[in-house]
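First up is the structure itself, then whatever we jot down about it.
The values are calculated or read from the model by the stated rules, or taken from the named source; none is laboratory data. If you're wondering where the values come from, they're calculated on a predicted model, not measured in any experiment. Here the Cβ is made from the backbone with ideal geometry for all residues, glycine too, and neighbour counts use every protein chain on show. Only protein heavy atoms, including side chains, enter the accessible area calculation; ligands, DNA and RNA are left aside. Shrake-Rupley method; radii C 1.70, N 1.55, O 1.52, S 1.80 Å.
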Amino acid sequence: MSASSFLKALKAEGLTVVEVGDWRDHNRNHKGPWGPVHGVLLHHTVTKGSARTVEICREGHADLPGPLCHGVITKDGKVHLVGYGRANHAGLGDDDVLRAVIAEKAPPPDNEADTDGNRHFYGFECENLGDGDDPWPAAQLEAIERAAAAVCRHHGWNERSVLGHLEWQPGKVDPRGFTMASMRERIRDRLK
């Protein structure tokens with residue numbers, strides 16, 4: 001979908017969207033293709049403070065240039081758009097998991113890192129320390145559900161097109177503090 005369609009889909013799902021700078025043209029497309037896109041990947045940021053979190057996800061850091069996702073979902077439930085196109089969020093993951101996402105089946109255990117996920121996934125970074133203690137406010141969980149559902153609805157995908165980073169790339173633990181099974185149930189119910 002185009003950047004304009006992405007924005008429209010998020011707003012149509014009832015989300016409060018904040019457009020950050022030139023997000024429509026802020027990407028890593030010069031590093032490789034974006035697409036075909038097959039799913040949505042959810043992350044936690046390991047940061048605190050919405051303004052700083054959005055800045056980091058837009059600009060990146062010394063080891064990883066931004067954008068680090070397409071949208072940042074802050075604790076207040078707002079979605080901050082920081083990029084569109086290829087973003088540094090998924091890294092290398094498991095080709096068996098990608099095949100499951102494409103087939104809209106339950107993902108197998110991720111035991112390889114052999115496939116470029118930045119090419120194939122929309123990414124939402126969710127403001128949370130990721131320590132298992134930092135709370136996930138109801139407004140934020142609802143925004144995660146709505147954002148993932150918006151993308152799935154546009155593409156005609158079901159909830160199995162939504163993964164946590166921990167299901168894609170061996171060694172990752174995010175998002176920590178809710179289960180992907182429970183989030184996919186919420187997305188499934190919203191898509192009905």
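Quick notes on this one:
- Residues satisfying the stated conditions in segment 1-49, i.e. surrounded by fewer than 17 Cβ atoms within 10 Å (Cβ to Cβ) and among the small types (G, A, S): S2, S4, S5, A12, G14, G21, G32, G35, G49
- Pairs with Cβ under 7 Å, 6+ apart, first in segment 68-79 and without any contact (Cβ under 8 Å) to a residue 60 or more places away in the chain and within 18 Å of A3 (Cα to Cα), second part of a strand (DSSP E or B) and of a type in the set (D, E, K, R): L68/E125; C69/E125; V72/E125
- Of residues in segment 108-142 being within 20 Å of I73 (Cα to Cα) and charged (D, E, K, R), the one nearest to the chain's Cα centre (by Cα): E125
- Among the residues of segment 177-192, those that are surrounded by fewer than 22 Cβ atoms within 10 Å (Cβ to Cβ) and under 14 Å from the mean Cα position of the chain (by Cα) comprise M180, M183, R184.
- The condition (being surrounded by fewer than 17 Cβ atoms within 10 Å (Cβ to Cβ), out of contact with any helix residue (DSSP H, G or I) (no Cβ under 9 Å at 6 or more places or on another chain) and at pLDDT 95 or above) is satisfied by just one residue among P137, P108: P137.
- Qualifying residue in segment 143-151 (condition: open to solvent by less than 10 Å² (accessible area, probe 1.4 Å), out of contact with any helix residue (DSSP H, G or I) (no Cβ under 9 Å at 6 or more places or on another chain) and among the aliphatic types (A, V, I, L, M)): yes
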